[in-house]
1. Using Cα pairs under 8 angstrom and six or more residues apart, how large is the relative contact order of the chain, in percent?
2. Quick one, can you get me the convex hull of the C-alpha atoms of the stretch 31-170 expressed as volume per residue in Å³?
3. Need one word for the stretch 105-209: rounded, prolate or oblate. Basis is the Cα gyration tensor (sqrt eigenvalues a ≥ b ≥ c); a/c below 1.5 gives rounded, then a/b vs b/c decides.
4. So how much slack lies between residue 46 and residue 58, counting 0.36 nm per residue of separation and subtracting their Cα-Cα distance, in nm?
5. Given the C-alpha centroids of the stretch 173-220 and the stretch 104-170, what is the distance between them in whole angstrom?
6. For the stretch 159-220, rounded, prolate or oblate, judged on the Cα gyration tensor with a ≥ b ≥ c (square roots of eigenvalues), a/c < 1.5 rounded, else prolate if a/b > b/c?
7. Arrange 107, 99, 154 by Cβ neighbour counts within 10 Å, fewest through most, would you?
C-alpha cells in the first residue's frame with residue numbers, strides 16, 4: 001500500500017491559536033499544539049507544532065510528524081518528518097526539513113539570501129521571490145495571499161489557490177462550533193481546512209492514495 005503522495009503537502013501545517021497577552025517589549029510565550037492524524041477515521045499518529053515568537057517580530061516554527069499504518073498488526077507504511085522554519089514579516093527566511101518516507105530520506109534546505117529565497121537541497125536554485133511562503137496553514141491571512149507555496153518535503157514551488165466555501169458546524173474536542181471552511185488546491189491535491197471566527201485553525205482533510213480519507217484533528 002502506498003499513500004505517501006498525500007503527505008507531501010500536509011507536512012507544513014502550523015499553528016493558529018491566538019498568543020497569550022504579553023508585556024510590551026517582551027516576546028509572546030511559545031505555543032505548542034498537537035494534531036491527531038486519522039486515516040479512514042483510524043488513528044495513525046500525531047503531528048506536533050511549536051511556534052516561538054521573538055521580540056523582534058520573527059517566528060521560529062518546529063513541525064514534527066510520526067505516522068504508522070498497520071494491517072493485522074504489521075506496519076505497512078511509516079512516515080516521519082521534522083522541519084524547522086524561521087519567518088519574518090510573513091516571509092520564510094530559513095527552512096531545514098528532513099522526511100523519512102517509508103525508507104526514503106528526503107532533505108530540503110534553503111534560506112533568504114541576496115534578496116531572494118535560495119534552496120541548497122534537493123538542488124541549488126534561486127526561487128526569484130523576495131518573499132516566499134510555505135504551507136502556513138497556521139496563519140490564514142498569510143495563506144490567503146499566496147498563489148505559490150514552497151513544499152518542505154519536495155523542495156518544489158506549487159501553484160496554489162485558496163477558496164472560501166462557507167460556514168458550517170464542526171465538532172471539536174466534544175464541543176460544537178461554527179467553522180469557516182476553505183479549499184486549497186495545490187500540488188495536484190485538494191485540501192479542506194476549517195478555522196474559527198478568529199482564524200484559528202481547527203481541522204484538515206484530504207484524500208490519500210486509494211481514495212482513503214486523511215484527517216488532522218486538533219487535540220483538546
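1. Relative contact order of the chain: 19 percent.
2. Details: hull volume 18.5 nm³, N = 140.
Hull volume normalised by residue count: 132 Å³.
3. prolate
4. On the way: separation 12, 0.36 × 12 = 4.32 nm, distance 2.61 nm.
Using 0.36 nm per residue and subtracting the Cα-Cα distance, I get 1.7 nm.
5. Rounded to whole Å, the Cα centres lie 18 Å apart.
6. Numbers: a/c = 2.38, a/b = 1.38, b/c = 1.72.
It is oblate, given that a/c is not under 1.5 and a/b is not larger than b/c.
7. Values: 107 13, 99 22, 154 17.
The order, fewest Cβ neighbours first, is 107, 154, 99.
The numbers here are math on the coordinates, done by the rules we state, and not lab data. Everything numeric here is computed off the predicted structure, so don't read it as measured data. Every residue, glycine as well, gets a Cβ built from its backbone with ideal geometry; the counts of neighbours run over all protein chains shown.
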